[in-house]
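The values are calculated or read from the model by the stated rules, or taken from the named source; none is laboratory data. Bear in mind the structure is a predicted one, so any value in this text is a computation, not a measurement. For neighbour counting, all protein chains shown are included, and Cβ atoms are generated from backbone atoms with ideal geometry for every residue, glycine included. Just the protein is used for accessible areas: all its heavy atoms, side chains included, with ligands, DNA and RNA removed. Shrake-Rupley method; radii C 1.70, N 1.55, O 1.52, S 1.80 Å.
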Amino acid sequence: MSFPGSGLAKGLAVTLRTMTKRSVTAQYPDVQPDLAPRTRGVIGLFEENCTVCMLCARECPDWCIYIDSHKETVPPAAPGGRERSRNVLDRFAIDFALCMYCGICIEVCPFDALFWSPEFEYAETDIRDLTHERDKLREWMWTVPEPPALDPAAEEPKELAAARKAADKLAAQQQAEAEAARAGTAEQDPATDQNRPDTPGEGT
């Protein structure tokens, strides 16, 4: 059971406690804020990795991603092969006036074409300028921080393990070929000496 005026007393107590504390003022923009490592500022596009699979646009809850593409025929890689068709990206835009920074587009991208950047200073006076086309999205890639270092006790990623195994196999094959070439050269040297005519003064 609360007494009359208890709410007012509690409110005044909070006010008195706040009055005794020193105020902290953020000196922005003269002093940039210390952002968290995983700050969600703006989304950067690594265009070379985009295959126009449309997953990001389909999964976006705000429908703020716009993608246009066309198909091109790729000639066969080897004689007698079959022609293939591939998607070519024409437009990739994100409307940050609608984006709610949920990060679903980045999570569902299977080819690592979208990345978070901590940059947040892209306010505009015209709301239409908040739709960033692919050239602008590519510029944000320069502000994407390096990924954090892996845990030393963690397992090596499968991609790195496969690449390392292929590189070791290729190096061993090249070394074997070089040793075989050296062995063949060494075997040819005695035969060359036997077929060489005697020089004057030898055998006398």
Can you compute 3J(HN,Hα) from phi for each residue in the range 138-145, using the Karplus curve 6.51 cos²θ - 1.76 cosθ + 1.60 with θ = phi - 60°, rounded to whole Hz and x for Gly and Pro?
5, 4, 5, 4, 5, 9, 6, x
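Given the -39500 (n - 2.57) contribution per DSSP H run of 4+ residues, what per-residue ellipticity at 222 nm results for the chain, rounded to the nearest 500 deg cm²/dmol?
Numbers: 5 runs with 69 residues, N = 204.
After summing the helix terms and dividing by residue count, I get -11000 deg cm²/dmol.
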Amide H partners (placed H, <5 Å) of T131, local residues excluded:
F96
Amide H neighbours of C64 under 5 Å, counting only residues 5+ apart in sequence or on other chains, H built in-plane at 1.01 Å?
none
Between beta-carbons, use under 13 Å as the cut-off and find the net charge around E124, counting Lys and Arg +1, Asp and Glu -1.
-2
Vicinal HN-Hα couplings computed from phi for the range 20-35 (Karplus, 6.51 cos²θ - 1.76 cosθ + 1.60; Hz; Gly/Pro x)
7, 8, 6, 6, 10, 10, 7, 7, 7, x, 5, 10, 6, x, 8, 7
Cβ-Cβ cut-off under 12 Å around F111, Lys and Arg +1, Asp and Glu -1: the net charge is -3
When the chain is treated as a Gaussian network with springs between alpha carbons less than 10 Å apart, the largest mean-square fluctuation among E124, E47, E155 is found at E155
Per residue, how many Å² of accessible area does the chain show with a 1.4 Å probe?
81 Å²
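Out of the total accessible area of the range 1-125 (probe 1.4 Å, heavy atoms of protein only), what percent is carbon and sulfur? All intermediate terms of the calculation are to be shown ahead of the outcome.
Working: 5250 of 9310 Å².
About 56 percent, which is the carbon plus sulfur part of the accessible surface.
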Cut-off 10 angstrom, C-alpha nodes, Gaussian network model of the chain. Which of L55, L150, L98 fluctuates the most?
L150
By average C-beta atoms within 10 angstrom, highest first, the peptides 66-75, 36-45
36-45, 66-75
Applied in sequence order to the range 86-102, the curve 6.51 cos²θ - 1.76 cosθ + 1.60 (Karplus, θ = phi - 60°) yields integer Hz couplings, x standing for Gly and Pro, of 9, 7, 10, 6, 9, 8, 9, 9, 10, 8, 6, 6, 9, 4, 10, 6, 7
Connecting every pair of Cα atoms under 10 Å apart in the chain and solving the GNM, the largest mean-square fluctuation among S23, S85, S117 falls on S23
Once you list every other residue whose beta carbon is under 11 Å from the beta carbon of S69, what net charge do they have if Lys and Arg are +1 and Asp and Glu are -1?
0
Taking a probe of 1.4 angstrom, what is the accessible area of T131 in Å², to the nearest 10?
40 Å²
